[in-house]
């Protein structure tokens, strides 16, 4: 099983880097969201309208969503490995492919970078809106660059480090488990009014799951900063000072390293549905933001995710040799 999962990890990573996310995967994400909405409407009606009861209802929804979208794949993985191991490797690899977000992030960021370089503000706004799923029509070029870099930093964790970490530990089940929690948390952030109390369990679990891989990933990012000959001293200083200055805190791990390496200051205020979630900036404005900063953020993203994968692939291989 250890070597089978390592083969599946390699298969899934290569597919994501080459092909990105096919339309089928977006359809699966939409299915998760629509299922969560139906469960939410049903459970909220059958629990009392109190904070404690609604939090219990949200916990019940989280349990059933994970049972469906992570539990069923787990059963299928076990059955596949019992009867046709090759199918098990392919299935785990496809699950891992689904949980990663590498090529799409790189392409989206580069398109924004080219629009900024060409001075096409409206085009850059539209492309960023598509990337972060938020109206960006009021943003200037500086804010667009900063939001793009923040999103790339977040994808380091949510679309790279964490899926690899949980795939290594728990196989395809672990990767899709994390992905399901990510999708639910994203939905809770978009619909904050509907998820007051109801979404507390989702947010807590997402914070717990992101704690370890984000910190290991930040250490690897700092190595990549040195490899790319960026400002490693400032990356270290900004990380030490600002690594928790985000909402949730674990996203500040990657953001602080990248902001420090690029000698820029990211957005001071972070909004979700009109509410300020962060009022403290990440990084120092040693130089003004420029389109080329997106390029270097992308380089850090790709390099660190690859290094993270190699590290945990070696860990998986060592476990196989030992046991």
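The values are calculated or read from the model by the stated rules, or taken from the named source; none is laboratory data. Computed from a prediction, not measured in an experiment: that's the story for all the values here. Methodologically, a virtual Cβ is constructed for each residue, glycine included, from the backbone with ideal geometry; neighbour enumeration extends over all protein chains shown.
Report, by residue number, each residue of segment 181-205 that is modelled with pLDDT of 90 or more, more than 18 Å from the chain's Cα centre (by Cα) and either surrounded by 19 or more Cβ atoms within 10 Å (Cβ to Cβ) or farther than 10 Å from residue 58 by Cβ (or both).
Residues satisfying the conditions are 195, 198, 199, 201.
Is there a residue being under 30 Å from residue 52 (Cα atoms), in a helix (DSSP H, G or I) and in contact (Cβ under 8 Å) with a residue 60 or more places away in the chain anywhere in segment 212-219?
The answer is no; no qualifying residue exists.
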**OP:** Read through the list (1) free of Cβ contacts under 8 Å to residues at least 24 places away in the same chain; (2) surrounded by 11 or more Cβ atoms within 10 Å (Cβ to Cβ), then give the number of the only condition that residue 17 fails.
**Re:** (1)
Subject >> Positions within segment 314-323 being surrounded by fewer than 17 Cβ atoms within 10 Å (Cβ to Cβ) and part of a helix (DSSP H, G or I), in sequence order >> reply: 314, 315, 317, 318, 319, 320, 321, 322
**OP:** State whether the residues of segment 91-103 include one that is surrounded by 15 or more Cβ atoms within 10 Å (Cβ to Cβ), at pLDDT 95 or above and over 30 Å from residue 299 (Cβ atoms).
**Re:** yes
Original post:
Just wondering, is there one or more residues in segment 247-264 that are at pLDDT 95 or above and assigned to a loop (DSSP other than H, G, I, E, B)?
Top reply: yes
Original post:
How many residues does segment 38-52 hold that are surrounded by fewer than 16 Cβ atoms within 10 Å (Cβ to Cβ) and either at pLDDT 95 or above or not in a helix (DSSP H, G or I) (or both)?
Top reply: 4
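Considering only segment 81-101, I want to know if a residue exists there that is outside any helix (DSSP H, G or I) and under 26 Å from residue 30 (Cα atoms).
Within segment 81-101, one or more residues are outside any helix (DSSP H, G or I) and under 26 Å from residue 30 (Cα atoms).
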Subject >> Restricting segment 129-146 to residues that are in contact (Cβ under 8 Å) with a residue 60 or more places away in the chain and crowded, with 21+ Cβ neighbours inside 10 Å, the residue that is farthest from residue 115 (Cα to Cα) >> reply: 146
**OP:** Given the conditions (1) assigned to a loop (DSSP other than H, G, I, E, B); (2) crowded, with 20+ Cβ neighbours inside 10 Å, report the number of the one that residue 244 does not fulfil.
**Re:** (2)
Original post:
When you look at residue 56, is it in contact with a helix residue (DSSP H, G or I) (Cβ under 6 Å, 6 or more places away or on another chain), assigned to a helix (DSSP H, G or I) and free of Cβ contacts under 8 Å to residues at least 60 places away in the same chain, yes or no?
Top reply: no
